[in-house]
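Asker: Sharing a structure below in structure tokens format, with a few things to ask.
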Amino acid sequence: MRYLLFVLFCLSSISFCYTQENTVKEVDSLYKEDQFYAGVTYNLLGRKLEKLNQSGFSLGFHLGFIKDMPINKDRNIAIGIGLGYSTNSFNQDLFINKNNANVFEYSIIEDRQTYLKNKFSTHLIEIPIEFRWRSSTPTDYNFWRIYTGFKFGYTIANTSKYEGDLGRIKYTNNSDFNKFQYGLTLSAGYNTWNIHVYYALNSIFSDDAKINGENLDVHAIKIGLMFYIL
């Protein structure tokens, strides 16, 4: 939690410095907004199996660049297309292990007292596409914004870790994780602080990941704060 507060403080300080710097610039009638973004989210598992539960605090960190392209005369409506990076962890009681045939198997850990750590994490390269509305003007740098859109991600790495009665078990680049992730996004707020929501439209795992013959169909839901910087 201390690390999370430190990250939020740093992001707020950076945004404040940029805002102060921009207030002394000359008026630009062809201004654009919000070229860089950085955010932190609390990650949830949606559409999960009935016995699958989350534990601990699951975090996501996001940063990137978005090309802002105004589409009206007042320049308060725009399309944004960008490129970013995202790392996400999910603490839960899904046990990932390999059998004697070197095939991944999945099961639910019934007793939480038998392990100290159990999580999986993903690293993605992302392409956000946003429809943007804001109340900004060439001279007003504190404004309301509503950005909604779609985010497409490609998983470049994944890791699962377990520490408990069975020892330490770690796997990387499990092919049962979906390479492609995509979902809907919404960012809304005033000035520095903006609520951000991501709702995945496909599962974290492919159809090859099953528990007792049932697809491990879990979707990522991310809720947190997003900071935009010129």
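No lab work stands behind these numbers, since they all come straight from the coordinates. Quantities reported herein were computed from a predicted structural model and do not represent experimental measurements. Don't worry about glycine lacking a Cβ; one is built from the backbone with ideal geometry, like all the others, and counts go over all protein chains shown.
Asker: In whole Hz, what ³J(HN,Hα) sequence does the stretch 103-111 give by Karplus (6.51, -1.76, 1.60; θ = phi - 60°), x for Gly and Pro?
Answerer: Once rounded to whole Hz, the list reads 10, 5, 10, 10, 8, 9, 7, 6, 10.
Asker: Cross-link list LYS51/LYS117; LYS98/LYS222; LYS48/LYS210: which exceed 20 angstrom alpha carbon to alpha carbon?
Answerer: Violating the 20 Å limit, Cα to Cα: LYS98/LYS222.
Asker: Whole-Å semi-axes of the stretch 70-123's equivalent ellipsoid, largest first, each the root of 5 times a Cα gyration tensor eigenvalue?
Answerer: So the three semi-axes of the stretch 70-123 are 45, 15, 9 Å.
Asker: Follow-up. What list of ³J(HN,Hα) couplings, whole Hz, do you get for the stretch 217-227 from phi and the Karplus terms 6.51, -1.76, 1.60, once you set θ to phi - 60° and write x for glycine and proline?
Answerer: For the stretch 217-227, the Karplus-derived couplings read 8, 10, 10, 8, 10, 10, 10, x, 10, 10, 10 Hz, x marking Gly and Pro.
Asker: When the helix-only estimate is applied to the chain (DSSP H runs of n ≥ 4, each -39,500 (n - 2.57), divided by the residue count), what is the mean residue ellipticity at 222 nm, nearest 500 deg cm²/dmol?
Answerer: That comes out to -3000 deg cm²/dmol.
Asker: For LYS179, give me every one of the aspartates and glutamates with a C-alpha distance below 15 angstrom, ignoring sequence neighbours fewer than eight places off in its own chain.
Answerer: Result set, ordered by chain and number: GLU126, ASP207, ASP208, ASP217.
Asker: Same structure, new question: For a footprinting-style exposure proxy, rank LYS32, LYS119, LYS179 by other Cβ within 10 Å, fewest first.
Answerer: LYS179, LYS32, LYS119
Asker: Within 10 Å of each residue's Cβ, count the other Cβ atoms and sort SER136, SER86 from fewest upward.
Answerer: SER136, SER86
Asker: Still on this structure, I have one more. Any idea what the relative contact order of the chain is, in percent, if you count C-alpha pairs under 8 Å spaced at least 6 apart?
Answerer: 22 percent
Asker: Ok, one more. Between rounded, prolate and oblate, where does the chain land on the alpha carbon gyration tensor, with a ≥ b ≥ c its root eigenvalues, rounded for a/c under 1.5, else prolate if a/b exceeds b/c? Each step should come with its number before you reach the end.
Answerer: Values: a/c = 3.01, a/b = 2.20, b/c = 1.37.
Cα axes put the chain in the prolate bin.
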